[in-house]
Each structure stands twice: as structure tokens, then as C-alpha cells.
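Read the structure below first, then the notes.
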Amino acid sequence: MAWTLPFLGCLFCWFLFGGSLRAQPAPAERSVESQQHFWTSVNATVRASKHWGWYADAHYRSALDLSEVDFQMYRGALGYWVNDLFWVSAGGGWQGFYSDTESGRSAGNEWRIHQQLQWHQNGSRLRLLYRLRNEQRWREQLRPDGSGNGYAVTDRVRMMILGNYRIFRDPSWPRLAFMDEVFVQFGPEIVYNTFDQNRLFIGIQQPLGQSGWSYDFGYMYVYQQRASGFEYFANHTLRLFFYYVPEWEGDQNDR
């Protein structure tokens with residue numbers, strides 16, 4: 001519980017004030033574009049020993065009707081478990097993104113490295129996961145004709161709280177799942193959009209037997225500020241994520 005209030009306080013302050021950091025006068029009135037997306041991913045966290053383990057994830061995002069791919073990403077990291085509830089990690093990954101240009105649908109690349117802190121709180125019914133991630137990003141810039149125009153280098157901080165609440169007595173039945181993640185970013189090319197985005201999720205989470213696999217499924221709202229500072233995306237997203245977290249069977253006396 002000692003971690004909870006400071007973390008929530010930081011999360012609230014970033015969300016409330018993040019968009020005004022290094023604020024500049026917006027050149028036009030706010031414009032919000034509504035979109036509908038489908039996001040899915042596979043996420044694995046494997047603890048191989050008392051202190052060491054790894055995780056990896058793969059993501060796919062598209063239009064809601066699956067007609068156009070918007071994004072794909074592959075990421076991995078090495079983790080160090082301080083104890084059963086707190087661990088740190090560092091890793092990297094690649095993503096491909098797709099944008100409409102004068103020549104049609106064009107693809108770009110983004111490379112990332114990251115550092116992460118993650119800790120848990122487990123109650124009889126409520127389980128909470130807190131994550132603080134710092135990312136260094138090299139994102140390819142596309143010209144109007146779709147050709148590459150170098151890379152923009154930015155640093156992005158992500159703060160997330162993810163939870164599930166057991167409604168039914170039977171642990172194999174679905175739980176209520178929820179998430180809030182706030183993103184802020186910095187760098188020479190970040191002028192009007194220090195606040196990057198906020199993701200809110202509500203749905204269900206359910207284990208798939210005793211295999212270590214589970215999934216969450218539901219609705220996610222993504223509110224993202226574009227580089228102009230006055231243009232925003234409001235993404236209404238159907239989300240289906242799979243998780244693989246096998247139980248570590250180490251010596252109980254060594255834990």
C-alpha cells in the first residue's frame with residue numbers, strides 16, 4: 001500500500017499538467033478525429049530463477065474491420081526480480097507503422113530501447129500492477145511522397161496502473177479488468193505535444209485453465225495529441241490481449 005498513493009499522485013499530476021509542460025500557443029482551434037481500431041498482442045513474462053527472467057511481446061493493430069494494418073511491434077527485455085512483487089528490466093524492440101501518403105499506404109520504422117520498474121499488490125479480490133517505463137525512440141519521418149526523411153529522437157515516459165477484481169467465487173470465471181496509462185514525451189522536436197496520450201481500458205480478464213495463459217478483452221479509449229498541438233486522435237479500440245506467465249517453481253526456501 002505504501003507504493004499506491006505516491007504512484008497515483010504522480011499519475012494524476014502528469015495527466016493534469018503534462019500537456020502544459022513547455023506549452024506554446026496553439027496555432028488553431030482543437031480538432032479531434034475519431035477512429036475505430038482493433039488491437040491484439042501476445043505477452044510473455046518468464047521468471048527463470050530467483051532473480052532473473054525475461055519477457056517478450058508482439059503487437060498487431062489494425063482498422064476495426066481488419067481492412068488495413070496500422071502497426072506491428074516486437075519487443076524483448078531481460079528482467080531482475082528484487083522479490084516476488086518487485087522487478088526491474090531493460091530491453092528494446094522494433095515497430096513498423098503505416099501512414100497514408102501521396103503515394104498510398106507507406107511504411108515507416110521505429111526503434112526503441114527502454115528501462116522499466118514494475119511492482120504488484122495482491123489482495124483477496126483486487127490485484128494491481130504498477131509500471132513505470134522510460135523509452136528512447138528513433139522514429140522514421142516520412143515525406144509526403146512516402147519516402148524516408150531521417151529519424152526523430154525522443155524520450156517518452158509511461159505510467160500505468162492495471163488491475164482486476166474478482167467478482168465470482170470461482171477463480172476460473174472472468175474478473176473485471178481495468179487500466180489507465182499516461183504518456184508524456186520530451187525531445188528537441190517535441191514542442192506542442194509534451195502530453196502524448198492517455199489510454200483507458202475496461203473489460204474482462206480470465207485465465208485459460210492452469211497453463212499460465214490468460215487474456216483480457218474489452219474496450220479501450222485512446223486520446224492522443226498530435227505534433228501540431230491542436231489536432232487529436234480519439235481512438236475507440238476493441239482490445240484482445242493474451243498473457244503467458246508460468247508459475248516459477250523455485251525452491252520455496254530460496255525465495
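A few points about this structure:
- Positions within segment 176-193 being of a type in the set (Val, Ile, Thr) and over 17 Å from the mean Cα position of the chain (by Cα), in sequence order: Ile190, Val191
- Condition check for Tyr151: aromatic (Phe, Trp, Tyr), surrounded by 14 or more Cβ atoms within 10 Å (Cβ to Cβ) and either within 17 Å of Val69 (Cα to Cα) or in contact with a helix residue (DSSP H, G or I) (Cβ under 7 Å, 6 or more places away or on another chain) (or both): no
- Among residues of segment 56-99 being touching a strand residue (DSSP E or B) at 6+ places or on another chain (Cβ under 7 Å) and among the polar types (S, T, N, Q), the one that is nearest to Ala44 (Cα to Cα) is Ser89.
- Selection count, segment 103-127, where residues are among the aliphatic types (A, V, I, L, M) and surrounded by fewer than 14 Cβ atoms within 10 Å (Cβ to Cβ): 1
- Among the residues of segment 152-189, those identified as basic (Lys, Arg) and in a strand (DSSP E or B) are Arg156, Arg158, Arg175.
- In segment 137-152, the residues that are at positive phi form Cβ pairs under 9 Å with partners that are surrounded by 12 or more Cβ atoms within 10 Å (Cβ to Cβ) and acidic (Asp, Glu), at six or more places apart or across chains, as follows: Gly150/Glu140.
- Any hit, segment 224-234, residues being buried (at least 16 other Cβ atoms within 10 Å of the Cβ), aromatic (Phe, Trp, Tyr), closer than 25 Å to Gln115 by Cβ and at pLDDT 95 or above: no
- The residue of segment 82-102 that is farthest from the chain's Cα centre (by Cα), among those that are assigned to a loop (DSSP other than H, G, I, E, B) and loosely packed, with under 12 Cβ neighbours inside 10 Å, is Glu102.
The values are calculated or read from the model by the stated rules, or taken from the named source; none is laboratory data. Small disclaimer: the values here were computed from a predicted structure and weren't measured. Methodologically, a virtual Cβ is constructed for each residue, glycine included, from the backbone with ideal geometry; neighbour enumeration extends over all protein chains shown.
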